[in-house]
Each structure stands twice: as C-alpha cells, then as structure tokens.
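Undergrad: Take this structure, written in structure tokens, and hold onto it; I'll ask about it next.
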Amino acid sequence: MRHFKDNLLRGLLWLSAFLSVAVLVMIVGFIFYKGIGLISFDFIFGDYSPTGDGGIWPMIVTTIYTVLISLVIATPIGILAAVYLQEYAKQGRLVRLIRFATESLTGIPSIIYGLFGAVFFVTTLKLGMSILAASLTLTIIVLPVIIRTTEEALKTVPGSYREGSLALGTTKLQTLYKVILPSSMPGILSGIILSVGRIVGESAAIFLTAGTVAAMPDSILSSARTLTVHSYLVTQESGDIELAAAVGIVLIVLILVINLSATYISKKFNKSTNK
Amino acid sequence: MSIPTTNKQAVEIGKANKRKYMLERVSQRVFLFCALLSVITLLLIIGFVFYKGAHPFVAEGYSFIDFIFGSDWVPSEDKFGIFPMIVASIYATVGALIIGVPIGLFTAIFLAEIASERLAKIISPAVQLLAGIPSVLYGVFGLAIIVPFLQDTFGLVKGQSLIAVILVLAIMMLPTIVTVAETAIRAVPQTYREGSLALGVSQIGTIFKVVVPAAKSGIMTAIVLGLGRAIGETMAVILVAGNSLIVPTSLTDSVRPLTTNIALEMGYAFGTHQEMLFATGIVLFSFILILNFVLAKISAKGGN
Amino acid sequence: ACTSNSNDKQTSDGSSATVSISGSTSVGPLAEKLAAKYTEEENTNIEINQIGSSAGITNAISGVSEIGMSSRDLKEEERANGLNEVVIAYDGIVVVTHPSNKVKDLTMEQIKQIFTGEVTNWNELGGDDLEIVVVSREDGSGSRDAFQEIVEYSSGELIRNSIIASGNGNIKTTVANNKHAVGFISFEYIDDSISTIDINGVEATAENVLQEKYSLARPFLFVYKEGQLTDAGQRFIDFILSEDGQLIAAEAGAIPVK
Amino acid sequence: MEQRKKETIINVRDLNLYYGDKQALFGVDLVIQEKEVTALIGPSGCGKSTFLRTLNRMNDLIDGVKITGDIVIDHENIYKSNDVIKLRTKVGMVFQKPNLFPMSIYDNVAYGPRMQGIKNKKDLNIIVEESLRGAAIWDEVKDRLKTSALGLSGGQQQRVCIARAIAMKPDIILMDEPTSALDPISTLKVEELITNMKEDYTIVIVTHNMQQAARISDKTAFFLNGEVVEYDDTDNIFSTPQDKRTEDYITGRFG
Amino acid sequence: MEQRKKETIINVRDLNLYYGDKQALFGVDLVIQEKEVTALIGPSGCGKSTFLRTLNRMNDLIDGVKITGDIVIDHENIYKSNDVIKLRTKVGMVFQKPNLFPMSIYDNVAYGPRMQGIKNKKDLNIIVEESLRGAAIWDEVKDRLKTSALGLSGGQQQRVCIARAIAMKPDIILMDEPTSALDPISTLKVEELITNMKEDYTIVIVTHNMQQAARISDKTAFFLNGEVVEYDDTDNIFSTPQDKRTEDYITGRFG
Ligand SMILES: Nc1ncnc2c1ncn2[C@@H]1O[C@H](COP(=O)(O)OP(=O)(O)OP(=O)(O)O)[C@@H](O)[C@H]1O
Ligand SMILES: Nc1ncnc2c1ncn2[C@@H]1O[C@H](COP(=O)(O)OP(=O)(O)OP(=O)(O)O)[C@@H](O)[C@H]1O
Ligand SMILES: [Mg+2]
Ligand SMILES: [Mg+2]
Ligand SMILES: O=P([O-])([O-])[O-]
C-alpha cells in the first residue's frame, strides 16, 4: 500500500517534470520553428524600416537600457527592504503592512502600472514618454519580486551565523555584508533573474510609458520601443506571427545571455566566499 | 529594579564604535525607507486608481451595484456592467491554480529531490528561461497552437475560450512557481532528510512529510508570486480569451476577464468609459487584496 | 523626450526639430511610412507612438504629443478642447472569412444580420452547414465605430458571444485559423490567409471606394490643438497632403484624399 | 562471559570508504554480536561517524561517496540488497546533533510509526509515551506534547531524538555521541536505558567519553585515521590494551 | 587561596529573565573574579546557556526576551550602556554547536580582527596562526587554511570556533559546553589551554562534565530551574556541598 502510494507519487513527480519540460520545448520549439527563417545579420543589427524589411537593432538597444536602468534602481532598494524586514524589523504592525503592500503589488496587473506610470512619471514628473519613465514603472513592478525572493534567501541563513558574528563584537551591518548577504547570494540572484524576465517580457506597462517609437533612442529620455512591445504590435496589428516569433528568438537569446552571466557571477561569488 | 533592553540615553560609547553605531542607525533608516517605498507606491497606485475609478459613482450618479452585478457592457450606450468579467476572472484564476500549482510544485520537488544533479542543472535554468519569455509570445503560442488544437480536438466552433485562458495562465505561472519553490526546498536542512530516512521512511515519504512542510513558507511565496502572474496577466489572455461579454457556463465559452477588459479598451476609451475601466481596476484590486488576505491567513494557520 | 512640443527642440544652429505624434494603431503604420520617406529629405525627427486613438487625442490635448492620430471621428468633448482635424487619407474596411468559406458575396443587410446574430449558420447564406463565429473589434475602436455606423447596427446589438479581437492582425489570425469565422479588417492587411467578401457584388478595392461604389470606409485623422502645431509639424502635414505624400499612402494600401 | 554464545548480527569485511578521492576508512573488519553494546572510540576525525553511517547506508546521501567491501547484517549483504528502507527500519539511528523536525514533540515521535501505517490514535499515544519515557524525557514534556519540538533545549531535543528512534522498535540502534549534549543526570538515565535496551537491541555507539564506553559497552573498537587499531572486550581494552597507540590514547585521557 | 585578592570583574545582581511570559532565570546573584575559571553546572534546561548569554547580551537577539536586574562588567552596567560592540569585543563567546561561517578557515579566524580594521596581511597571518595554535588545531589545518571551514569534522570545527574567539583577544571568554563535541585528546588540549589562558583571561564555562569542572575551574555555580542553588570554590562544591540538591546532583553523577 505504502509502496503503491510512493510509486504513484513518484510517478506524478516525473510526470509533472516531464509536462513542464515538454511545454518548455514546445513553446521554444514553436518560436524557433516559426521565426528562425527571418533571422539574419541584417535583421538583428539593421536599422528599423516601416516597410518591413528592416532590422530590430533599436529595439534591442532599448530593451537593454530598460533592463539595466530598472535593475540598477530596483535591486539595491529591494535587497535593502528585504534586509529591513528580515534582519531589523520587529514583527509587528509595520512589518505586516509592508508585507501586505509588497504582496499586493505583485498582484497588480501590469496594465494598471502602465496607466499609473503614464500619469505619474510621464505627465506629473514630466519625464515624458521615455525609457526612464518606463524603467521607473518597471522598478515598481519588479520590486516585490526582489523583496520576496531576497527575504526567502535571508531566511535560509542559519541563525548561528548571525550569533557567531555578532558575538565577535561586529555590528549588524558588518555581519550583514560579510556573512549574511554572501550566504544568501544564490537566492537573491534567482530573484534578479526572475526580475529580468519580468522586465524583458513586459509590454502593457512599457508602451504606455515609453511609447512605440521605432528608432534608435538618443538618450534615456527618448521615447522608444522594446523588443516585446515590438512583437506585441506586430501580433496585434499586422498578425505577422513569423515576425513576432523572430523577435521572440532574439528575446530568448538575450535572456539566456543575461541569465548565464548572472549564474557565472554567482559562481564566482561562491568561489570567493565558500571554497 | 528593571532595566529596559533598549536604552535610549547613550552612556559612554567607545570612540571607534561611535562611527559604527552612527552607520548602524543611518543604515537602518535607509533600510526602513526602502521597505516603506513599496507601501508608498502601493498607496500612490491605489490612490490614483481610486481617484479615477470612483469618479463616475461619486460625481456622475452611476450605481456601483449595477456596475458589479450588471451583465451589459456597452460603453457606447452608457451601459457598464462587469458581472460576466468578475465571474470569468474567478474561473480563470482558480482554474490556472488548480492546474499550475500542483504541476509546478511537483516539478520543483522533482528538481530539488529526485532529479540527479546533472539533470537538474539542465532543467532548472531552462525553466527559469520560460519565466523570461514575454507573455505576448505565450499569447501567440496560445493563438497559433492551443486555440486551433482545442478547435480540432474537441470540435469547437471557436478555440478562444475559458479553458484556453486557463491553460495559458497555468503554463505562464509554472516557471515562477518552480523556480521559487525549488530554491525553498533546496534550503531545507539536510539533517531533516537524514532524520527521516534513518527511521526507515522512504524518500518519497520523507519528501512529502518532512521536507515539503519545512519549506512551507517558501512554497507559499511561490504560489503568491505565481498567482500574481496569473491575475495580472493581460497580453497573453487578450489573444486567447475571445473576450466575449457573456457569463461563462462552460469551459468552452469565450470569456473576458477583468484585466483583459482594461487592456482591451484603454487605448480607445475616453471620459466615463475610461473612468469605468479604472473602476474595473478597483474591483480587480479588491479581488487581489482579498486573495492575498486569504493566502496570508492560510499560511499563518499552517505556521502553527 | 516628447513632453514638450517641437518648439523647444528647434535650436538656432539648425539641428533637427522633432515632431511627436501618437495615437491610432491603424494610422500608425501609414504614418511611419510617410515619416520614413519625409525624413529622408528633411532634417526633421518624427516620433510616432502607436497607443490607440483616444490616448493619442488625449496626448494632443495635454501637449504630451504635438499631433494625435485617430481612426475615428472626434467626440463632442474632444472637439470642445479646441482640436483641429485633418483627413490625411481614407481607409477601406473589408469583411473577411476563412479561405475555405464558399460565401464570397453578401448584402449590407446580410452583414448586419450576421453581426447582430439574426443569422447564425453559413448555410443560410449559401455556404456549408457551419455555425457562424463573429469576430469584432473592441468597443471604442475606430474601425468598429465606422463599420457599425455604415452597416447600421449598434454596439448593443452586436451578438453577445462574438469574439473580440484587439487589432487588425489579431482578427486576421483568428479568422485565418477558424473556418467558422467572419470579421472585418483594414484594406492594408489583406493577404492570402483570409478571403474577402464582396458587398452587393462590388469588390473591396480603393478604386471602388473612390468611385463611391464601395461604402465601407472611414477617414484617417491627424488632430492637433490650435496654436500648438509647429512649423515642422505643419510642413509634415503639408507633405502628406502633397501628391508625393498621397502616392505613398496609396502604395501603403490606404485611399488617397483626392 | 555468557554473551559469547550470542550470534553475530553485523559482519564488516575489508570496508573502504572514499569521499571523492579522499579515503576515510581503510580496510575495516569488525564483527558485532547481537544484544551487546559496542562502543567506537578514537580521536576527532578518525572516521567513527563515517563508519557508523555505513551501517544503515546513510552515506548513500552524500554525493561522491564510494564504498568497497562487505557489510552483512542479519545474513544479508546490505550493499547488495536494494531495500534500504527495510535496512533503516531495522537499524535505527541517533545523530550527533539533535535533528528534530519542525513539528510538535508528539508528531516527531509518532512520525516513524505513522509512516509505517499506524493510524490508531490510542496505539500512537502508547508508542509516544513509552518512547518518551524510554528516553527519560516524558516528565519534562508530557504537558507540552503538542508544542513545537524546536523550542526545547539542546539536551531535551536530543532525548526526543532518542525517543523517536526507539519508537520504531529497531533491532539495532546506532548512536553518534548521543549524550554529548546531555547533562549528567540525563546522561545517566540514557546510559541506564542503553544498558536495559541491551536485552532487546544491539547497540553501536560512538562516544568520546571513555568512562561511558567503559561503563556501558561490552566491546570497544578503537579507531585511528580510518583504521580499526584494536577491537576487543571493553574490559580488555581498558585494562590491557595490546596496541601502544590504544594505550597512549586511553592513558592520555586519564593521565 | 591567593586568587582571593583578585578583583571582581563580573557582578550580577538579582537577574531575572523572561522568554515572553515564561521566566527562565530567577533572581540570579553571582560575583565573578577576574582571571579565574568559573564553571556553571546543572541539569539540562536549567538556564545555564541562558545565563551565559546575558553576559554578552546575546539574548538581545531573541524577540520577546525581558531582563530585570543588573550586570556590571568591568565597572560598567552592561544593560545601561549602549555599546554592545565594545561589550562583545571584551566578552568573547564559544557556542555549544560549532558555528563557523561558510568561508575558508583563515577567513573565519581573521574575520573578527578584520572587522575591527586590521588590514595588514602580516599582522593577520600572525593572529590567525597564534589563535589556531592556541586552540590546538594549527597542525591539523595549517596546510588547508584556504579551504572551506565547513569541510572539517565537528570537533575540528569547534576548535576553530575557539580560535576565532581567541583572535579577538577578549578579557572574558564565555564558553557554552565547548568540548562536548570534542574527543578526549582535543578536550585535554583545550582544557590545558583554558588553564593557561587563565593568566590573561577570565573564563566562564558551561559544562556537563563534572570532572572537567573539577579539573579546570576555580569557582563553580550550580544552577537548578533557573536559580543559583550554590556558588563556591570548586573544591568546596565537590567535597562539601552545602545544599542537599547540589550533593544529589553531584553524587548522582558519580554514584
Ligand atoms: N562529507 C564529507 N566530505 C568530505 N570529507 C568528509 C566528509 N565528512 C567527513 N569527512 C572527513 O572524513 C574524516 C572522518 O570524519 P568523521 O566525521 O567520520 O570523524 P569522527 O571520527 O566522527 O570525528 P568527530 O569525533 O569529530 O565527530 C575527517 O577527516 C573528515 O574531515
Ligand atoms: N528562545 C527560547 N524561547 C523560549 N524558551 C526558551 C528559549 N531558549 C531556551 N528556552 C527555555 O529556557 C530554559 C533554559 O534553557 P537553556 O538553554 O538556558 O538551558 P541549559 O541549561 O543551557 O540546557 P542544556 O544543558 O540542555 O543546554 C529551558 O526550559 C528552555 O526550554
Ligand atoms: Mg563524528
Ligand atoms: Mg545549554
Ligand atoms: O484604428 P483602430 O485601431 O482604432 O481601429
């Protein structure tokens, strides 16, 4: 009986993993199958042309800008907020409020962020439709993700590390950046990787704040079009699935590169602290 | 005689340490400020949405009850009822949870506990990659593969349906759930596993009775984040939902969830129509807040 | 960089001015093509954001953009803000079905019956015994407004369980993948994946529109606030209305003003 | 001694164990009689824990561990059979550091029996009480059985760990310094317990406390650098060690 | 005894400690002389660890802990001063379970000094070597200083923990059963070390090993249920305990 239940559960575990992987293979396979025909040097590095035979280089550059700016702002704020919640705050009303706020933020549809960004950053703060306004909106979107994952990572650091360090007459701050943060780095990093995904994949919030200008941005105050917004417009308006998929291939490769570099950095980090 | 542990009046603090304490105090303020930023933005967003969305009810004499329970949404004829969308949102979210959560958690367990390190090292990053695929592409995939598949396999007149939405959302929440839950499960101390295995408990028994419960908090986070993705998703859903304005009675009906309604019409809306879309946002908000509240209660109960 | 209109951008040393335009996603592609041609010769920077007609009009009113693009007529409240409008081209709308559909010709009345749910099977119209699946655009869409006005039914009459697709491309993909479906799109988007329906025996072509034989058409508008249009903006509009500009519009699938 | 007539229950032959490239056990031969207490002593890092963990295959969990040689328990070559669950039900274990689960005290002790299918509340209550009494902790926890086990002090936790192992009624119990976190009174209780348990169980215990080894064990094995230097009746080891190194170690302690 | 002339370094008066509602220490009074070894003994859960942790305010880390009473260390009321850093630099600690950081052995030992601003490599090298020698672990780890400290066996890890505390050159060192995870040889070395350290440091040690208390300590305090039952010269405690409960406890051990 026990055996049967075990085997059933084990079977379900394998089945679930298989399904997840199968879905992944199907989606990525679909995107590559549809889009690979359009991929060429000119497509990736060429300038955009509205007649359809141009490239997507301006969108690639815009996408990289948004990822970098959003992360540069959101990562430190998110980590520090998580540190406050886990390491400093006494469990109480304030913490519950902050947690509740963070959790609620994760559930807000991006379209609402987009509308908010369009009114607050674009109009009220007079940033105009721009990469900066979009990045600030994205910062709000990924902040909860970074906070939550960092909190979980911090929780896994054994209390004995904190005691060991504090008993040596170090401050909380020293303990934090010498012992606690290094030990929770892999968890924090997975949060950042999730955030990159969210930023790169966002469309609704971006096109309301950065617009859809299909040209190389002059500065972060320029209005511009990210890869995802591009594939969104292409799908909605021209129904050109091949083109949307081709942009998708570029997106996937871009995400892959970002993830691999993040993993590489985390490995280096671990080497210098652990081994 | 009592000595409070947090004594405010400083008594002779070492010179070298003064700077450290200063830094400590300053940094704590900075940390607090960062933590409060999410509260501030939440308040700003709520304020903004409510300001816009409450206007028709406060100033233009529309009835909120009619808005919630009305089943006609014809903006050009001044009819704003979102009942079908509320029902659609609930069905779609619950459906996606029912499919996505077990598969996601089981995949996470598989990767953390069952798969060889080699296999996990290949699959985990691949699943993380899925998290990065833009939702539009999921929508395209849904429109080009899932919708025709449903049409052909079940002989439907149209594949744009509640079930298509559920499938797409379930797929979309997978990577988040798998990644976060896997991290949490891996973090469970090895001593728990040893303790259980040494009692002659099978690996599977150990996983489900000791390891998973010990990772509960992280798993809840995974579900909350996955749920967030499902509720907040618009672009993929627009493409596969069909967006019909009917109260769904079967999985094969076309539906229009709340988010979709906002995204679909916001670019074209003006005046009261636009404000009603913000009002839809308020309903969505309440929906999310209630869900978070329920989840928090559940996880608190489990914590005892 | 488009909060301010082009006045601020125009510098005395003769470097390029910027004209910011935002609005309809139907007008957007045409505007992009016109701008591409125009900026080849003129030292002007034209920013085009495709964010929907209403958003574009709002931007034109608030000054976020210099010019708004609309694929529908202005509403009373919008006009009240002192907006000017220029028709830059017309756009034909065509009813489309799955290529396998035998029905090739319908009357206006039949189209109305389809979209209001009076007719629910293709065999009532001489086609196969297949249920009809209606695909429409979202409420507020310029295309839908125009279509309903000409076919003469209201949003409230639209059959309830119709699929609502959020763009020309989306309608096209949906119809191309469903042998039950019928929808409507702009002329620009016609291709082999769908089949087009003649109305009262008249084919959907630009020529037939110009000769007023084919009535499913609506204007593409540029709107701007009185006094806010810059020289650069004015010159761009002039270019569009010129012979060269209208030629480009025709090539792009739109119907010239003259 | 009359125990001599007892049967061999564990037979270890030429056991080598490697952590990756690093060898931790070198050709260990050891024959353990049933219903005796066998003590493993030796300096830190000599491989006592490692050896102990081979007996219920807990080393299987560590990546890169390689084992050669044979261990026969109850006529079955445990590294040839695949039924680790049966093995571990038969061979219980108490670890060096308490490793209670994040559940209530009751649930910790009832965990093993429950997983074996015992559902009846009364049966479970009896098992839990008996086991906790057996581990000399019943009186301290009987009023808080439903509170989290992690709120106990280290010593209390370790005794609940022992109770948890006892609850499975195994044939053999492996103990890795089970009393190193206990106070003398509890230690004494546990030692008494071990002496009593000898009637029913075979016990293999790692200890640093030579007095303890002398007090409770029948046989003692002295480990050094992954080898068994000397293995004999406990009396002989402590009175007339054969090997110079054993003598050094023992006298070093009491010298 | 000549130590009598030594000065009081720790003076505890009427100390009560509560974990939330639960009182764990009851009116503890204790005067500790400098450059002596004071042993705290008592059954499991009696509050020894809790008391020890009040001396460097490690209990501050636990939510809901409330303390009343006074602890004066080196003429300073430590719960009136806000400088915990200074306090903890002056009062080092070794824990019951080894708690090395996931860094190299070298970095673990150099951690404290580095945090105090010592950057010079040569100075650090000297401190690390001296501390490791002091903890009787230098020979075992000198060739792998740069490898992870978590790869060491429990006993080795605990000795590195002691080295880490020594590296801070504190006045007072608190030790919570520091040798419970050590084998006899290392234990002996550490005991010797403690006896030597007495020249420079004041040591407060929690131990379950009464022999150890007798061997190394000058004073012994016997705790029971959060109270100090008896506190006196170690010789007196073990030869002529005044309180019946002390006697029971001690004889229970050796009875
Ligand atoms: N997981 C592991 N990977 C690599 N080496 C290990 C591992 N566990 C133990 N070792 C090494 O194997 C040797 C034996 O370790 P073991 O823990 O068996 O010693 P021990 O006799 O139990 O010591 P102690 O008395 O301190 O518990 C030690 O040198 C240790 O460093
Ligand atoms: N964090 C805590 N919260 C609540 N109660 C606690 C906590 N830590 C310890 N206690 C309780 O306080 C009492 C004293 O515990 P303490 O750890 O000081 O005992 P001890 O004498 O050190 O025992 P041992 O010898 O087992 O280490 C015990 O009853 C214990 O259950
Ligand atoms: Mg060991
Ligand atoms: Mg203790
Ligand atoms: O041109 P529309 O996108 O408004 O139909």
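Undergrad: Let me have the 222 nm mean residue ellipticity of chain A computed from DSSP H runs of 4+ only, each contributing -39500 (n - 2.57), with the sum over all residues rounded to the nearest 500.
TA: On the way: 12 runs with 191 residues, N = 275.
Computed ellipticity for chain A at 222 nm equals -23000 deg cm²/dmol.
Undergrad: Identify the residue of chain E whose Cβ lies closest to the rotation axis that maps chain E onto chain D, and give that distance in whole Å.
TA: E:Ser180, 2
Undergrad: Show that you can apply the helix-only estimate: for chain B, add -39,500 (n - 2.57) for every DSSP H stretch of four or more residues, divide by all residues, and state [θ] at 222 nm to the nearest 500. Kindly include the intermediate steps, with their values, before the conclusion.
TA: On the way: 13 runs with 211 residues, N = 304.
Computed mean residue ellipticity for chain B: -23000 deg cm²/dmol.
Undergrad: Could you tell me how far the Cα centroid of the range D:114-143 sits from the Cα centroid of the range B:144-173, in Å?
TA: 53 Å
Undergrad: Another question about this same structure. Angle check, please: helix A:2-35 long axis (alpha carbons) against the longest principal axis of chain A (alpha carbons), in degrees 0 to 90, nearest 10.
TA: 30 degrees
Undergrad: Over the range A:39-274, what is the relative contact order in percent, taking alpha-carbon pairs closer than 8 angstrom and at least six residues apart? Can you show the working numbers first?
TA: Working: 318 pairs, mean separation 61.2, N = 236.
Taking the mean separation of contacting Cα pairs over the length of the range A:39-274, I get 26 percent.
Undergrad: Can you list residues whose amide H is under 5 Å from E:Arg57's amide H, if they're 5+ apart or on another chain and H is modeled 1.01 Å from N?
TA: When sequence neighbours closer than 5 places are left aside, there are no close amide H contacts.
Undergrad: Other chains near B:218-228: what is the mean number of their Cβ atoms within 10 Å of each residue's Cβ? If you can, show how the numbers build up before the last one.
TA: Working: counts 8, 0, 1, 7, 3, 0, 6, 9, 1, 3, 10.
What the average comes to for B:218-228 is 4.
Undergrad: Just tell me which aspartates and glutamates come within less than 13 Å, Cα to Cα, of D:Lys198; anything on the same chain fewer than 8 places away is out.
TA: Within the straight-line limit of under 13 Å, D:Lys198 reaches these aspartates and glutamates: D:Glu34, D:Glu36, D:Asp171, D:Asp218.
Undergrad: Sticking with this structure for a sec: State, in angstrom, two size descriptors of chain D derived from its alpha carbons: Rg to one decimal place and Dmax to the nearest whole number.
TA: Just the Cα atoms of chain D yield Rg and Dmax of 18.2, 56 Å.
Undergrad: Here's a follow-up. Antiparallel as a % of all DSSP beta bridges within chain D, to the nearest 5? Spell out each step's value before the answer.
TA: Numbers: 25 of 42 bridges.
Bridges in chain D that DSSP calls antiparallel: roughly 60 percent.
Undergrad: If you don't mind, there's one more thing I want to ask. Considering the dipole of the protein assembly as shown built from charges on the beta carbon (Lys and Arg +1, Asp and Glu -1) around the Cα centre, which of E:Val160, D:Met58, C:Val135 is farthest to its positive end?
TA: E:Val160
Undergrad: Report, please, the projected area of chain C averaged over directions, based on the convex hull of its C-alpha atoms, in nm².
TA: Details: hull surface 55.6 nm².
Computed as one quarter of the Cα hull surface, the answer is 13.9 nm².
Undergrad: Which shape class applies to chain B: rounded if a/c is under 1.5, otherwise prolate when a/b exceeds b/c and oblate if not, where a ≥ b ≥ c are the square roots of the Cα gyration tensor eigenvalues?
TA: Details: a/c = 2.47, a/b = 1.27, b/c = 1.94.
Since a/c reaches 1.5 but b/c is at least a/b, the shape of chain B is classed as oblate.
Undergrad: Angle, helix E:184-197 long axis vs. longest principal axis of chain E, Cα atoms, 0 to 90°, nearest 10?
TA: Rounded to the nearest ten degrees, it is 80.
Undergrad: Please report the spacing between the Cα centers of the range E:179-255 and the range A:189-268 in Å, no decimals.
TA: Answer, in whole Å: 67.
Undergrad: If we count other beta carbons within 10 Å of each Cβ, what is the order of C:Glu41, B:Glu194, B:Glu265, fewest first?
TA: Details: C:Glu41 9, B:Glu194 17, B:Glu265 25.
Ascending Cβ contact count within 10 Å gives the list C:Glu41, B:Glu194, B:Glu265.
Undergrad: Continuing with this model, one more query. Longer than 23 Å from Cα to Cα, which of E:Lys48/E:Lys219; D:Lys169/E:Lys97; A:Lys34/C:Lys102 are they? Say none if no pair is. Intermediate values should be presented prior to the final figure.
TA: Numbers: E:Lys48/E:Lys219 15 Å; D:Lys169/E:Lys97 29 Å; A:Lys34/C:Lys102 29 Å.
Too far apart for the 23 Å limit: D:Lys169/E:Lys97; A:Lys34/C:Lys102.
Undergrad: What residue among E:Gly69, E:Gly47, E:Gly226 has the largest mean-square fluctuation in a Gaussian network model of chain E, using Cα springs under 10 Å?
TA: Sorting by GNM fluctuation, first place goes to E:Gly69.
Undergrad: May I ask for the distance between the Cα centers of the range A:62-134 and the range A:140-156, given as a whole number of Å?
TA: Each part's Cα centre sits 12 Å from the other's.
Undergrad: Which value, in debye to the nearest 20, gives the size of the charge dipole of the protein assembly as shown about its Cα centre, when Lys and Arg are +1 and Asp and Glu are -1 at the Cβ? Don't skip to the answer; put the middle values down first.
TA: Numbers: 125 positive and 144 negative charges, 929 e Å.
Using only the charged Cβ atoms, the result is roughly 4460 debye.
Undergrad: Measuring from label point to label point, each 7 Å out along Cα→Cβ, what is the B:Ser63 to A:Leu38 span in nm?
TA: For B:Ser63 paired with A:Leu38, the spin-label model returns 5.0 nm.
Undergrad: Could you tell me how many degrees, from 0 to 90 and to the nearest 10, lie between the Cα long axis of helix B:272-303 and the main elongation axis, the longest principal axis, of the Cα atoms of chain B?
TA: 40 degrees
Undergrad: How large is the charge dipole for the range A:39-274, taken about the Cα centre, if only the Cβ atoms of Lys, Arg (+1) and Asp, Glu (-1) carry charge, to the nearest 20 debye? Can you show the working numbers first?
TA: On the way: 15 positive and 13 negative charges, 286 e Å.
Roughly 1380 debye for the range A:39-274.
Undergrad: Could you put A:His3, B:His273 in order, starting from the residue whose Cβ has the fewest other Cβ atoms within 10 Å?
TA: On the way: A:His3 10, B:His273 20.
With the fewest neighbours first, A:His3, B:His273 line up as A:His3, B:His273.
Undergrad: Report, by chain and number, residues whose modeled amide H sits under 5 Å from the one on E:Ile205, excluding near sequence neighbours (fewer than 5 apart, same chain).
TA: Here the answer is E:Thr38, E:Ala39, E:Leu40, E:Met175, since their amide H atoms fall under 5 Å of that of E:Ile205.
Undergrad: Ratio of alpha-carbon Rg to the 2.2 N^0.38 Å globular estimate for chain A, to two decimals, please.
TA: On the way: Rg = 21.9 Å, N = 275, 2.2 N^0.38 = 18.6 Å.
Computed over Cα atoms of chain A, the ratio equals 1.18.
Undergrad: Still on this structure: Which lysines, if any, have their Cα less than 17 Å from the Cα of E:Lys244, not counting same-chain residues under 8 positions apart?
TA: Straight-distance partners of E:Lys244: none at all.
Undergrad: What residue among A:Phe18, A:Tyr84, A:Ser70 has its Cα farthest toward the positive end of the dipole of the range A:1-144, where the charges are +1 on Lys, Arg and -1 on Asp, Glu, each on the Cβ?
TA: It is A:Tyr84.
Undergrad: Cross-link partners among lysines for C:Lys75, C-alpha distance below 17 Å, same-chain residues fewer than 8 apart left out?
TA: Qualifying lysines at Cα under 17 Å: C:Lys225.
Undergrad: Taking every DSSP beta bridge with both residues inside the range D:120-255, roughly what % is antiparallel (nearest 5)? Provide the component values of the computation, followed by the final result.
TA: Numbers: 6 of 11 bridges.
Within the range D:120-255, antiparallel bridges account for around 55 percent of the total.
Undergrad: According to the square roots a ≥ b ≥ c of the eigenvalues of the Cα gyration tensor, what is the shape class of the protein assembly as shown, taking rounded for a/c under 1.5, prolate for a/b larger than b/c otherwise, and oblate for the remainder?
TA: It comes out prolate by the Cα gyration axes.
Undergrad: What number, rounded to the nearest 500 deg cm²/dmol, is the helix-based mean residue ellipticity at 222 nm of chain D, given -39500 (n - 2.57) per DSSP H run of at least four residues and division by all its residues? Working shown, then result.
TA: Working: 10 runs with 94 residues, N = 255.
Taken over chain D, the calculation gives -10500 deg cm²/dmol.
Undergrad: Towards the positive end of the charge dipole of the protein assembly as shown, with charges on Cβ (+1 Lys, Arg; -1 Asp, Glu), say which of B:Phe154, C:Gly63, E:Tyr18 has the farthest Cα.
TA: Farthest along the dipole direction, towards plus: E:Tyr18.
Undergrad: For chain A, modelled as a Gaussian network with Cα springs under 10 Å, which listed residue fluctuates most, A:Gly187, A:Gly29, A:Gly128?
TA: A:Gly29
Undergrad: Something else about it: Once amide H atoms are built 1.01 Å from N in the peptide plane, which residues 5 or more positions from E:Leu224, or in another chain, come under 5 Å H to H?
TA: Residues meeting the criterion, in which the H sits 1.01 Å from N, are E:Val229.
Undergrad: I would also like to ask the following. What does the charge dipole of chain B about its Cα centre add up to, to the nearest 20 debye, if the Cβ of each Lys and Arg holds +1 and the Cβ of each Asp and Glu holds -1?
TA: On the way: 20 positive and 16 negative charges, 342 e Å.
The dipole magnitude comes to about 1640 debye.
Undergrad: Cut-off is 10 Å between beta-carbons; in what order do D:Thr89, A:Thr235 appear when sorted fewest neighbours first? Please report the intermediate quantities before stating the final value.
TA: Working: D:Thr89 21, A:Thr235 30.
Fewest to most other Cβ atoms nearby, the residues stand as D:Thr89, A:Thr235.
Undergrad: For E:Ile62, go 7 angstrom from Cα along the Cα-to-Cβ vector, then report the distances to that same point in the other copies in nm, smallest first.
TA: Values, ascending and in nm: 3.3.
Undergrad: Another question, then. Most mobile of E:Arg88, E:Arg245, E:Arg133 per a Gaussian network model of chain E (Cα springs, under 10 Å)?
TA: Maximum among the listed residues: E:Arg245.
Undergrad: Rounded to the nearest 5, what % of the DSSP beta bridges within the protein assembly as shown are antiparallel ones?
TA: Antiparallel bridges: around 60 percent, rounded to the nearest 5.
Undergrad: If you keep only loop residues by DSSP, which GluC sites (Glu not before Pro) in the range B:31-139 have at most 14 other Cβ atoms within 10 Å of their Cβ? Show your work: numbers first, answer last.
TA: Values: sites: B:Glu60, B:Glu77, B:Glu113, B:Glu117; in loops: B:Glu60.
Answer by residue number: B:Glu60.
Read-outs: derived from the displayed coordinates by stated rules, not from any lab. Since this is a predicted model, take the numbers as computed values, not measurements. Virtual Cβ from ideal backbone geometry, glycine too; neighbours counted across all protein chains shown.
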